[in-house]
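The values are calculated or read from the model by the stated rules, or taken from the named source; none is laboratory data. Here the structure is a predicted model, which is why all the values come from computation and not from measurement. Ideal geometry is used to build each Cβ from the backbone, glycine not excepted, and the neighbour counts take in all protein chains shown.
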Amino acid sequence: MPTLIEDPYINLQVTNYSIAEIADTGIAVDATYYLHVQLDSQPSEPLLSALGGVTGIQSRIEHDLDQWQANGVIPLFVFDGQNVKGQDEINIKRAEDGIKQTNKAWEQYFNGQADAAVASFGENTNAFHPHNFYRLLQGILKRRKLHFLVAPFNAASQIASLDMTDSDQVGGIMGSVELLMYPINDCVIRSIDWENKTVRAVSKEHLLRALNVTHDTFVDLMLMTGTSFLPVFPVLKDPGIIKNQPPSINDALNIFRVGQKNVAQVCNTFAENLKSKDPNWQDKYRKARMFVDHFIYINEKGEVGPHNDEDLTGDNYEYLALKLPREMFHYLNCGLIGPRILNPISHAFTQAQFAKKQTSASMEVLPTLDGTDPDEYKKLATQQTPPIKEAALSLVVAQLHRAFLHSTITMGVWFDREFKRKLWDFKNQGPYLDQWKSWRVAAGTVEKLFPDFDHGSIISEVLALQKPEFVASTFAQKDKKVKNLSPGLIKSMSIWRFLHIRGYVNDKHELTSWGKALGQALIALQPTVKKHFSVPHLYESVIVALELVRFDLLNAKNKHEALRGLPMNGTGDDQSSLLLISRCACLLKLRHESYGYTGPLSKSLLAFRSLASEVRAADRDLVEAILVTTFVTAQADRRRDDYWELGNSLPFYFNPDVSLGIAVKTYFDDIVPNDPEMAKKKQQFPSTYIPYAMAFSEDLEIACEFFKAIHAGIKVLPPNEISAADQSIWQKAEKYLEVRT
């Protein structure tokens, strides 16, 4: 099953053109669609959803962009921004469909059918959304000096606006068939065959003639067949009515005619079917139709607004969103902040809306790659990370129009569609803004006390707080405003504020017991970081590890043996020790060549990665909220061109796959204490299990030192923060390593 499922009838209407038709022009490209095409057209990454990442997509994108350049075609990539109403529902459904396919692959793997399992994994990468590759693609574009946009909402509507206004920036558009719903000029490019010098495109004018329908009817038909923000009309999914699945726009046309060419009448005709399968579909359709008619985009003057705004209804927040200030859209487009934290604010409920029973939520926790929901994951998603998200929302909402202060933000979870939790409202704003405001650091003080200070490194920020003289200088003063922060201080202030809000620093700006543990761990890891200076994100991963320890997740508990992939050899203590070490290694990355991974798998470690991913995402939300508040409050100069670089220099967007954790687990499971063949086994291991690993011995060393560094931090925690039993597990694991390295 490909990642992108589109209308079979429309796909048959595609026509080949010469590549000369687009020579020396700019093409607006839907980034999500482009990544879908890259994933679907490359069979060398079949284990994407089994590992939580890929190894070769960067080189493939680089090669493809080389072809664009060689042929004189300039891409303008447009990335999705905030979600359209209804999009979370579709994302959850697609991910759950992907999980069903991967569960089949896991069963094959567990039963020893390795080749069949790889094929089944490769048939479906649906569970892994292309949005996970946005930062990677944007980084490549930045290095190549290729411009890109982040749309206010979906990329399709932004691209359509560029096409319908005859923008000087683009001479063609490339994307999914959803582009056809908007008032574009004509053709949508579907793919480019650089080798054969052909462009495959579909003409909207041809489609309207072939179906013999108007534009308005065509939009209704497209919506009935399902979009990224509206589920398929339930009748079309009934094999008793539509034999060939998935349904096409032609099938929708036949149903449309039965309903006298009116969607409301179609819903009345099939009322019983709707009532049993999706009773709210007609309301969802109405909102989706209004969004298509009044899509939001950035015009060439940089203004954000809706299409056909003169016909906009007063209740437009019901189908568009609450209107954020233009400044926020600017920060979204520049990469300073991502859509995750803006989505729930835009889709917050007004007091009148919240008074009614809501079937949706402002923010949804989406399905995990492993598709499991054990108790520790449920607790994490519904109790432990929501306060972090609440902190992020409190910072951002406080800077917006007062109307937002009287809204209510809720969250839902994929594993319990009845669950709703209030994330934020004006009655419960917490201490977070006061904590944020309490910081003021002068550049001269940092330079004087710490000549070698490395802004944004995390270790410099944490160790600075061990110096009382510096701590005394970090408090905000009423008569001295914070302004004109340098790029370095923007990063450092963001990290100090994060540490404060997350409890690593107290209100006296002194390290708490967890802050001291963090400092000890960073110091212990410092020699490894200096030795392997080209390996990024090591200090950042220390914070993630301690966050997981605080949530009682980074340990040897919750083995879930049914998931398989656990250590098998040695005593029970040996197996628990190796499980803990392997979980730590999952927070790091195995350096791998640009070929598909061919080693062993572990659903158990994949499930652990889901826990780490949830924590990373929540912490990233908080860091972005802290950063954007710095600019909204004018503590930093807004006239700059390094927004993207600032956002990407801060922690928690890095989310590695589990390949290093699997490699560490597999390697040590074959090593006995003081093994006389240890050197030989280490040398032979990569060629046997992970043939495309680039530096396994180094990565193994880093993983072991990383574990020891985390333990060094844990050892200084007082008994009220960690139990003696948990301390014992870490001590046993370190002894396990001592006799095997």
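Descriptive notes on the structure:
- Count of segment 238-251 residues which are touching a residue at least 24 places away in the same chain (Cβ under 8 Å) and either within 21 Å of N212 (Cα to Cα) or part of a helix (DSSP H, G or I) (or both): 4
- Residue among L717, L660, L700, L627 that is at pLDDT 95 or above, farther than 23 Å from H592 by Cα, within 29 Å of the chain's Cα centre (by Cα) and not hydroxyl-bearing (S, T, Y): L627
- Number of the exception - C584 against (1) buried (at least 19 other Cβ atoms within 10 Å of the Cβ); (2) outside the structural domain of Q727 (by TED's automatic domain parsing); (3) under 18 Å from V716 (Cβ atoms): (2)
- Residues located in segment 201-240, provided they are of a type in the set (K, R) and farther than 18 Å from V170 by Cβ: R209, K237
- When the residues of segment 425-445 are filtered to those that are free of Cβ contacts under 8 Å to residues at least 40 places away in the same chain and outside any helix (DSSP H, G or I), the one that is nearest to N648 (Cα to Cα) is A442.
- Helices (runs of 4 or more DSSP H) wholly inside segment 252-338 containing at least 3 residues that are closer than 30 Å to S494 by Cβ and outside the structural domain of D80 (by TED's automatic domain parsing): 326-334
- Residue-level analysis places P527 outside the set of residues that are on the phi < 0 side of the Ramachandran plot, out of contact with any Cys (no Cβ under 6 Å at 6 or more places or on another chain) and part of a loop (DSSP other than H, G, I, E, B).
- The residue pairs whose first member lies in segment 373-384 and is under 19 Å from A361 (Cα atoms) and at pLDDT 95 or above, whose second member is among the hydrophobic types (A, V, I, L, M, F, W, C) and in a helix (DSSP H, G or I), and whose beta carbons are closer than 7 Å, counting only pairs six or more residues apart or on different chains, are L380/L611.
- Any hit, segment 43-51, residues being free of Cβ contacts under 8 Å to residues at least 60 places away in the same chain, over 30 Å from I337 (Cβ atoms), surrounded by fewer than 21 Cβ atoms within 10 Å (Cβ to Cβ) and out of contact with any helix residue (DSSP H, G or I) (no Cβ under 7 Å at 6 or more places or on another chain): no
- Candidate set from segment 19-42 (those that are among the β-branched types (V, I, T) and assigned to a strand (DSSP E or B)); member that is surrounded by the most Cβ atoms within 10 Å (Cβ to Cβ): V29
- Residues satisfying the stated conditions in segment 145-167, i.e. closer than 16 Å to G26 by Cα and among the hydrophobic types (A, V, I, L, M, F, W, C): L146, F148, L149, I159, A160, L162, M164
- Of all positions in segment 91-106, none carries a residue that is outside any helix (DSSP H, G or I), within 19 Å of G371 (Cβ to Cβ), out of contact with any helix residue (DSSP H, G or I) (no Cβ under 8 Å at 6 or more places or on another chain) and not charged (D, E, K, R).
So that you can scan it fast, the table gives a plain yes or no per residue for (1) within 19 Å of E547 (Cα to Cα); (2) among the charged types (D, E, K, R); (3) free of Cβ contacts under 8 Å to residues at least 40 places away in the same chain; (4) part of a helix (DSSP H, G or I):
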{"position": "E447", "(1), (2), (3), (4)": "no, yes, yes, yes"}
{"position": "D454", "(1), (2), (3), (4)": "no, yes, yes, no"}
{"position": "E469", "(1), (2), (3), (4)": "no, yes, yes, yes"}
{"position": "L489", "(1), (2), (3), (4)": "no, no, no, yes"}
{"position": "S492", "(1), (2), (3), (4)": "no, no, no, yes"}
{"position": "K508", "(1), (2), (3), (4)": "no, yes, yes, no"}
{"position": "K516", "(1), (2), (3), (4)": "yes, yes, no, yes"}
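- Any hit, segment 606-621, residues being part of a loop (DSSP other than H, G, I, E, B) and either in contact with a Ser or Thr (Cβ under 6 Å, 6 or more places away or on another chain) or among the acidic types (D, E) (or both): no
- Meets criteria (part of a helix (DSSP H, G or I), under 19 Å from the mean Cα position of the chain (by Cα) and closer than 19 Å to L342 by Cα) for R135: yes
- The condition of being charged (D, E, K, R), surrounded by 24 or more Cβ atoms within 10 Å (Cβ to Cβ), more than 29 Å from T741 (Cβ to Cβ) and outside the structural domain of G139 (by TED's automatic domain parsing) holds for only one of D642, D621, that being D621.
- Output for segment 107-122, where each listed residue is of a type in the set (G, A, S), in a helix (DSSP H, G or I) and surrounded by fewer than 22 Cβ atoms within 10 Å (Cβ to Cβ): A114, A116, A119, G122
- Filtered by the rule that a residue be under 18 Å from D454 (Cα atoms) and of a type outside the set (A, V, I, L, M, F, W, C), segment 521-548 gives Q526, P527, T528, K530, K531, H532, S534, P536, H537, Y539, E540, S541.
- Residue among S494, S486, S534 that alone is of a type in the set (S, T, Y) and out of contact with any helix residue (DSSP H, G or I) (no Cβ under 7 Å at 6 or more places or on another chain): S534
- For P246, the criteria (1) more than 17 Å from F291 (Cα to Cα); (2) surrounded by fewer than 15 Cβ atoms within 10 Å (Cβ to Cβ) hold in every case but one, which is (2).
- The helices (runs of 4 or more DSSP H) falling completely within segment 664-741 that include 3 or more residues that are basic (K, R) map to 678-689.
- Per-region count, segment 530-566, residues of a type outside the set (A, V, I, L, M, F, W, C), over 22 Å from S604 (Cα atoms), part of a helix (DSSP H, G or I) and in contact (Cβ under 8 Å) with a residue 40 or more places away in the chain: 2
- Listed conditions (1) within 22 Å of N308 (Cβ to Cβ); (2) in contact with a strand residue (DSSP E or B) (Cβ under 8 Å, 6 or more places away or on another chain); (3) at pLDDT 95 or above are all met by D163, apart from (3).
- Looking only at segment 169-184, and only at residues there that are within 27 Å of the chain's Cα centre (by Cα) and part of a strand (DSSP E or B), the one that is nearest to D7 (Cα to Cα): M174
- The one condition from (1) over 15 Å from the mean Cα position of the chain (by Cα); (2) touching a residue at least 60 places away in the same chain (Cβ under 8 Å); (3) not in a helix (DSSP H, G or I) that Q82 does not meet is (1).
- Residue check: D7 meets all listed conditions (1) closer than 30 Å to R144 by Cβ; (2) of a type in the set (D, E); (3) touching a helix residue (DSSP H, G or I) at 6+ places or on another chain (Cβ under 7 Å) but one, namely (1).
- Scoring L208 on the criteria (1) touching a Ser or Thr at 6+ places or on another chain (Cβ under 9 Å); (2) surrounded by 23 or more Cβ atoms within 10 Å (Cβ to Cβ); (3) closer than 19 Å to P247 by Cα leaves a single failure, condition (2).
- Residues located in segment 427-439, provided they are under 28 Å from the mean Cα position of the chain (by Cα) and of a type in the set (F, W, Y): Y432, W436
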